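Asks: One structure coming up, written as structure tokens, with questions to follow.
The values are calculated or read from the model by the stated rules, or taken from the named source; none is laboratory data. Note that the structure is a prediction, hence the values are computed from the model and not measured. All Cβ positions, glycine included, derive from the backbone under ideal geometry; neighbour counts span all protein chains shown. With ligands, DNA and RNA removed, areas are computed over all heavy atoms of the protein, side chains included. Shrake-Rupley method; radii C 1.70, N 1.55, O 1.52, S 1.80 Å.
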Amino acid sequence: MTAGVDLSPKAQAIGSDEDVVRVRQLVRTVAVAVKLSLVDQTKLVTAASELARNTLIYGGGGSAEVTVVDDGRRRGVRIVFADSGPGIPDLDLALTDGYTTGGGLGLGLSGARRLVDEFDVETAAGNGTRVTVTKWSR
């Protein structure tokens, strides 16, 4: 525990816009507790918001699991977004700046990737998507 914050892994279901807000709040709380800088907190919360929204809109809902990680030198926050949706048919295209299927800015996946230190996507047509991001303290 850090300053009264329980740092054990936390799962948050994503099935509504309200759940996306709850993911943002949870990520901010954990990012503050592990002492990420204000800039890194903002980057991580922004990435989490984009990825939670993708989970809801494109994956039909799913979950986010927020975990504190420690590599012996520094602490960080790892978030795994998972859904059982249709998967991403062309991941390379989906990671291209400006690409969108939803009429938005097309900065969801590629923007989230730039905002975090580690980014991994596992996806297969018909088998859903799992996006793992990590932001480390400086």
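Asks: Where the accessible area of the chain is counted over protein heavy atoms with a 1.4 Å probe, how much of it, in %, is carbon and sulfur? Before the final figure, lay out the partial values.
Replies: On the way: 3650 of 7110 Å².
Roughly 51 percent of what the probe reaches on the chain is carbon or sulfur.
Asks: For the chain, with only Lys/Arg (+1) and Asp/Glu (-1) charged at the beta-carbon, what is the dipole magnitude about the Cα centre, in debye rounded to 20?
Replies: Computed charge dipole of the chain: roughly 600 debye.
Asks: Now for a different question. Pairs of alpha-carbon atoms within less than 8 angstrom and 6+ residues apart define the contacts here; what relative contact order does the chain have, in percent?
Replies: Normalised by residue count, the contact order of the chain is 26 percent.
Asks: So, one more: So what's the angle, to the nearest 10 degrees on a 0 to 90 scale, between helix 38-57 and the longest Cα principal axis of the chain?
Replies: For helix 38-57, the angle is close to 40 degrees.
Asks: Any idea of the accessible area per residue across the chain, 1.4 Å probe, to the nearest Å²?
Replies: Spelled out: the 1.4 Å probe surface of the chain, per residue, equals 52 Å².
Asks: Sticking with this structure for a sec: Which value at 222 nm does the chain reach when only helices count, each DSSP H run of 4 or more adding -39,500 (n - 2.57), with the total divided by all residues and rounded to the nearest 500 deg cm²/dmol?
Replies: My calculation for the chain gives -11000 deg cm²/dmol from helical runs alone.
Asks: Any idea which of ALA48, ALA125, ILE88 is furthest toward the positive side of the dipole for the chain, if Lys and Arg beta-carbons carry +1 and Asp and Glu beta-carbons -1?
Replies: ALA48
Asks: Just check the range 10-136 against the gyration tensor rule for me: Cα atoms, a ≥ b ≥ c as the square roots of the eigenvalues, rounded for a/c under 1.5, and otherwise prolate or oblate depending on whether a/b exceeds b/c.
Replies: Numbers: a/c = 1.71, a/b = 1.51, b/c = 1.13.
Prolate, because a/c is 1.5 or more and a/b exceeds b/c.
Asks: To continue, here is another question. Positive end of the charge dipole of the range 10-136 (Lys, Arg +1 and Asp, Glu -1 on Cβ, about the Cα centre): tell me which of GLY62, GLY98, GLN12 has its Cα farthest that way.
Replies: Of GLY62, GLY98, GLN12, it is GLN12.
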